[in-house]
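Engineer: This is the structure I have questions about; it appears just below.
The values are calculated or read from the model by the stated rules, or taken from the named source; none is laboratory data. In this text the structure is predicted, and so the values were computed from the model without any measurement. Glycine gets a Cβ as well: all are built from the backbone with ideal geometry, and neighbour counts include every protein chain shown. Remember, those area values only see protein heavy atoms, side chains included, never the ligands or the DNA or RNA. Shrake-Rupley method; radii C 1.70, N 1.55, O 1.52, S 1.80 Å.
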Amino acid sequence: MTNFSRRNFLKAVGIGGAATVAGFGCAPNGRATASRNGHVVVVGGGSGGATAAKYLKRFSPDMDVTLIEPTATYHTCYGSNWVLGGHAQMDDIAQTYDALQSRHGVKVVQDSVTAIDPARRTVRTAGGETISYDRLVMSPGIDFRYDAVPGITEADSGRIPHAWKAGEQTVILRRQLEAMPDGGVFVMVAPGNPFRCPPGPYERASMVAHYFKQAKPRSKIIILDNKENFSKQGLFMAGWEQHYGDMIEWVPSSRGGQVEEIDAANLTAISDGGFNEFKADVLNYVPPQTAGKIAMDTGLAGDGFWCPVNQMTFESTIHPGIYVIGDSSVAGAMPKSGHSANNQAKVAAAAIIRELAGLDPVEPSTANTCYSLITPDHAISVAAVYAYKDGTMAGVEGAGGVSPADAPASVRQMEAVYTKGWYDGITADIWG
Ligand SMILES: Cc1cc2nc3c(=O)[nH]c(=O)nc-3n(C[C@H](O)[C@H](O)[C@H](O)COP(=O)(O)OP(=O)(O)OC[C@H]3O[C@@H](n4cnc5c(N)ncnc54)[C@H](O)[C@@H]3O)c2cc1C
């Protein structure tokens, strides 16, 4: 489970589970204290950033930690597919920063970072503040490459939502699905690798099918994919057939799923040099992705789309003193997920504390779990453990796995219960 105790956390990042670890005094309340104070600024209060801010304070209470995040309420992407399927409401996926401030002593600044000066170690905000840091943690999530496919721009996202950042976009897509007539066609264009949440498009199709089955059973779902296979594919496809018959059609690249153009005015996705046209009643185009804009603007991705880091610490290999975690980072075999971001944040927090205390970093071990609902009572999961090896976070052989293919309904139902337990656990660990 994600809600690590401090002891498990220290074990997980390799500092050791003993009461006293080199360079750290252990305060009577059991919390480690760093040997020197410092000011760490965290950019982004999502899965990675909020975890980093909380754990920096938890393990080094005398450290000054400032979290900069533009929104007062963060909506988790996890659970947003449940909202699209009518299985949850927006309030169910809303998180605030109250506990980070009042319980953990994080200074939360509701603002957006517009520029970073890695040489001077300062950040500028839209509100006009310049804030100095000793170390900077960046977890700005993703942005979109709308220039990858002609015929659509970001300005179209009000009519053709991506809903790949939860919040207003989720609400737009849900309303469109509600307004769609029975017998309509929902077309989703899945993003190319690597992207945020590998099972996400297929859970989305499942949850929309769950809604259609009840509210508009003659409707159709088409997933256009530039891939030939996807996460938990066998389990998803068996679940689709079992619950939704032929309502969901997955079109891989080899059968015309590679979208080459969007006719935004006519809600149509075009592939195979114009040979295939997929006309939608509701079009959900999820563009290819990059590291969050502020990371790109700061040059943290170099010539690429994602930010290279020393995977032992998550410190940028381009700008020393800046740690990049979550979706924006290049993290070896770890997928871009909330669970990964949460684990990486703890690795970075420990590395920063050790560095400021004059200690060498330790080789981390992390984990990821992704649950997906096929119906509210049928869930599947994938889990993996990672360890630092030969300069990268590599999967540990024999650890983890996916749900069994031939499990009885009772197991699928229990996994649906665990799905909610995972959500409650990880959100408490991040924002609680
Ligand atoms: C449909 C869907 C389903 C998913 N389901 C799961 C799941 O079941 N399990 C799972 O583990 N993961 C899931 N994910 C993935 C998960 O949501 C992301 O991988 C995770 O949120 C990444 O964390 P992050 O901190 O990198 O980015 P985010 O959580 O997106 O946080 C980024 C934050 O940075 C802020 N920000 C951006 N720019 C600036 C700036 N300039 N200044 C200040 N702040 C800024 C943003 O406002 C945002 O709050 C899902 C994703 C999707 C789209």
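Engineer: Residues that are among the β-branched types (Val, Ile, Thr), more than 8 Å from the ligand (Cβ to nearest atom), open to solvent by 10 Å² or more (accessible area, probe 1.4 Å) and under 18 Å from the mean Cα position of the chain (by Cα): does the stretch 97-117 have at least one?
Structural biologist: No.
Engineer: Can you confirm whether the stretch 288-310 contains a residue that is within 19 Å of the chain's Cα centre (by Cα), within 30 Å of ALA179 (Cα to Cα) and of a type outside the set (A, V, I, L, M)?
Structural biologist: yes
Engineer: How many of the residues making up the stretch 253-285 are open to solvent by less than 40 Å² (accessible area, probe 1.4 Å) and within 27 Å of ALA166 (Cβ to Cβ)?
Structural biologist: Total meeting the criteria: 13.
Engineer: Let me ask something else about it. Find the residue count for the stretch 321-349, including only residues that are out of contact with any helix residue (DSSP H, G or I) (no Cβ under 7 Å at 6 or more places or on another chain) and closer than 20 Å to ASN37 by Cβ.
Structural biologist: Here the count works out to 2.
Engineer: From (1) buried (at least 20 other Cβ atoms within 10 Å of the Cβ); (2) more than 16 Å from the ligand (Cβ to nearest atom); (3) free of Cβ contacts under 8 Å to residues at least 60 places away in the same chain, pick out the condition that doesn't hold for ALA387.
Structural biologist: (1)
Engineer: Another question, then. Are any residues in the stretch 336-361 part of a loop (DSSP other than H, G, I, E, B) and within 8 Å of the ligand (Cβ to nearest atom), and if so, which ones?
Structural biologist: Hits for the stretch 336-361 are LYS336, SER337.
Engineer: Please give the number of the condition GLY239 fails out of (1) more than 29 Å from ILE325 (Cβ to Cβ); (2) open to solvent by less than 10 Å² (accessible area, probe 1.4 Å); (3) in a strand (DSSP E or B); (4) of a type outside the set (Phe, Trp, Tyr).
Structural biologist: Every condition holds for GLY239 apart from (3).
Engineer: Quick test of your reading of the structure: PHE314 fulfils all but one of (1) farther than 24 Å from ASN226 by Cα; (2) open to solvent by 40 Å² or more (accessible area, probe 1.4 Å); (3) touching a residue at least 24 places away in the same chain (Cβ under 8 Å). Name the failing condition by number.
Structural biologist: Status for PHE314: all satisfied but (2).
Engineer: When only residues in the stretch 180-209 that are in a helix (DSSP H, G or I) and over 16 Å from the mean Cα position of the chain (by Cα) count, which is farthest from SER80 (Cα to Cα)?
Structural biologist: Only one residue tops the list, namely ALA209.
Engineer: Ok, one more. Confirm whether LEU373 is touching a residue at least 24 places away in the same chain (Cβ under 8 Å), within 30 Å of PHE212 (Cα to Cα), within 13 Å of the ligand (Cβ to nearest atom) and open to solvent by less than 10 Å² (accessible area, probe 1.4 Å). Steps first, please.
Structural biologist: Numbers: touching a residue at least 24 places away in the same chain (Cβ under 8 Å): yes; within 30 Å of PHE212 (Cα to Cα): yes; within 13 Å of the ligand (Cβ to nearest atom): yes; open to solvent by less than 10 Å² (accessible area, probe 1.4 Å): yes.
Here the answer is yes, as LEU373 does meet what is asked.
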